[in-house]
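Scroll down for the structure; my scribbles are underneath it.
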Amino acid sequence: MKVNSDPYRRVEVYPHPEEGHRVAVVGCGHVGTVTAACMAELGHVVTGVDVDSLLISSLQANEVPFVEPGLNELIAKYTSRGRLKFTTSYAEALDGAEYVFLCVITPATTTGAADLRYVRRAVAQIAEACMDFEYEPLIVNKSTSPVGMGDTIEAILKNTFPPGRSTSAIVANPEFLQEGRGVQDFMHPDRIVIGAHDRKDAERVALLYASISAPVIYTDIRSAEMIKYVSNAFLATKVSFVNEIAKLCEGLGVEVDSVLQGASFDPRIGNLFMKPGVGYGGSCLPKDVAALCHTGDSAGLTMRVLSAVQEVNIGQRKHVVNSIRRALGRLEGMTIAAWGATFKAGSEDLRESPAIDVINLLRNDGARLKVYDPTLGMQQLDQVADQVCASPLEAAAGADCLAILTDWPEFVHVNLQELREAMSGRVIYDGRNQLQRSVVEAAGFEYFGVGRSARAELAPLSGK
């Protein structure tokens, strides 16, 4: 094995056995299942374990209960080859495993702190399963955990094992997977972060990623844990900043698209996460911003910027509702078609979805909501909609207003003439700025977007 003292280097310098390493993945939610399948794709022998028997039964039947392009194919490919399996038994999963990846959820508590009950339970079960082993597998924490979680895992293991018994080494290897492109992000990462007390342990984890060409950042465990939170908090900050600027553009009669495009040509700023909308949501950004704020409070520091990020994000939902109210004159008794309910396109996830918040606020003000989302049906939406619809046009039928709340690509391709014939009203509120104002208005609609002035659209900027 080549050794390079530079902390930024490529993993391909490491070889791995032809038969691959033996890996156990604890927790088969979104991150865990993607990790298990992609580790099999990298040439390893993988067993995923979860206490949810229904989830495991689905995975054993090659049925992935969430939207993730390419994941079904990977699972089918490697379960048929015997390189990937799923079980509810920790003893079975950990038997012979060289690495144990911890991929359990850490939802937010009411105080904003990460809920670590699931991590603690999983570590205790790992320790129990390893009690009679003659070796200690390397425990790799991929769960998004507050700074110091590595120390907590070590303490749980020491308290579980008999006195004098050596315990597994702990490595932090945070994930940076986006829902809807988890397989792509895993196989083609921007970077691989590995934190450990001992460089040799970090290099053992790097072995697993031998065939991936990406920078590896070696650091200590606490820094690796912090990197994950800082990354998500910065993305959330960018979203809230752009939405704040969009509201200012509305007030000044300025086109936000031109403003953001002009700013994004600066390479220090870039064009990612530079599109205004209804706010950020999902299972990661909201809880990670809240957890970092809580961490600051616990350390005696007020996280003023991140507190403002949260405030702006919640306020954006209210701004959307107020904008629709102004466009219609009132909400009471109005029928509104809502296109999209998930927190973003490419996902079935409703957790912290700004679309759901907007729908609830509109209904609370007396509007009747007809909702369509391409990944969801009656079972998921029955409690948040007056009517769950099977198509965009069904939702639009008889509506006084159309509100686009999730950026599903299919919404751009709906025939505007058919839409006009279906709707009773002529108001379109484009909460994701997907449509072109000129095209929509030419079809006979009143168009309202986020940060898009009611004045005439300007020609797009051209870059050299």
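The values are calculated or read from the model by the stated rules, or taken from the named source; none is laboratory data. Treat the numbers as computed from the prediction; the structure is a model and nothing was measured. Cβ: placed from backbone, ideal geometry, glycine included. Neighbour counts: every protein chain shown. Calculation scope for accessible area: heavy atoms of the full protein, side chains included, ligands and nucleic acids excluded. Shrake-Rupley method; radii C 1.70, N 1.55, O 1.52, S 1.80 Å.
What the table shows:
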{"read-out": "Value at 222 nm in deg cm²/dmol, rounded to 500, when DSSP H runs of n ≥ 4 in the chain each add -39,500 (n - 2.57)", "value": "-12500 deg cm²/dmol"}
{"read-out": "Gain on full stretching of the segment that runs from Leu272 to Val412 - 0.36 nm per residue minus C-alpha separation", "value": "48.4 nm"}
{"read-out": "Given 12 as the ceiling on other Cβ atoms within 10 Å, longest exposed-site-free region of the chain for chymotrypsin sites (Phe, Trp or Tyr not before Pro) in DSSP loops", "value": "266-464"}
{"read-out": "Cα-based equivalent ellipsoid, region 322-395: semi-axes from gyration tensor eigenvalues, Å", "value": "20, 13, 11"}
{"read-out": "Three semi-axes of the equivalent ellipsoid, region 152-299, Cα gyration tensor, whole Å, largest first", "value": "38, 19, 12"}
{"read-out": "Accessible area expressed per residue, region 383-445, with surrounding protein chains retained (probe 1.4 Å, Å²)", "value": "41"}
{"read-out": "Cα convex hull of region 59-155, projected area averaged across orientations, nm²", "value": "7.9"}
{"read-out": "Probe 1.4 Å, protein heavy atoms only - accessible area per residue of region 161-273 in square angstrom", "value": "45"}
{"read-out": "Antiparallel DSSP beta bridges within the chain, as percent of all bridges there, nearest 5", "value": "10"}
{"read-out": "Arg330 accessible area, 1.4 Å probe, all protein chains in place, Å² to nearest 10", "value": "120"}
{"read-out": "Fraction of the pair-distance distribution of the chain above 35 Å, Cα-Cα pairs, percent", "value": "38"}
{"read-out": "Cut-off of 10 Å, at most 14 other beta carbons, DSSP loop: longest stretch of the chain lacking such GluC sites (Glu not before Pro)", "value": "135-331"}
{"read-out": "Full-stretch length increase - Glu73, Gln379 - with 0.36 nm per residue and alpha-carbon distance subtracted", "value": "107.6 nm"}
{"read-out": "Alpha carbon convex hull of region 393-440, projected area averaged over orientations, nm²", "value": "3.0"}
{"read-out": "Region 287-356 - accessible surface per residue (Å², probe 1.4 Å)", "value": "42"}
{"read-out": "Under 5 Å, built H, 5+ apart or other chain: amide partners of Phe86", "value": "Gly48"}
{"read-out": "For region 176-240 and region 46-71, distance of Cα centres in Å", "value": "23"}
{"read-out": "Of Lys77/Lys228; Lys158/Lys287; Lys85/Lys158; Lys287/Lys318; Lys85/Lys200, those spanning more than 23 Å from alpha-carbon to alpha-carbon", "value": "Lys77/Lys228; Lys158/Lys287; Lys85/Lys158; Lys85/Lys200"}
{"read-out": "Accessible surface of the chain [probe 1.4 Å, protein heavy atoms]: carbon and sulfur percent", "value": "52"}
{"read-out": "Average projection area in nm² (convex hull over Cα atoms of region 308-464, one quarter of hull surface)", "value": "10.3"}
{"read-out": "Antiparallel content of DSSP bridges confined to region 20-118, in %, to 5", "value": "5"}
{"read-out": "Region 360-386-region 414-436 distance, computed between alpha-carbon centres (Å)", "value": "18"}
{"read-out": "For region 129-235: rounded, prolate or oblate by the Cα gyration tensor [a/c cutoff 1.5]", "value": "prolate"}
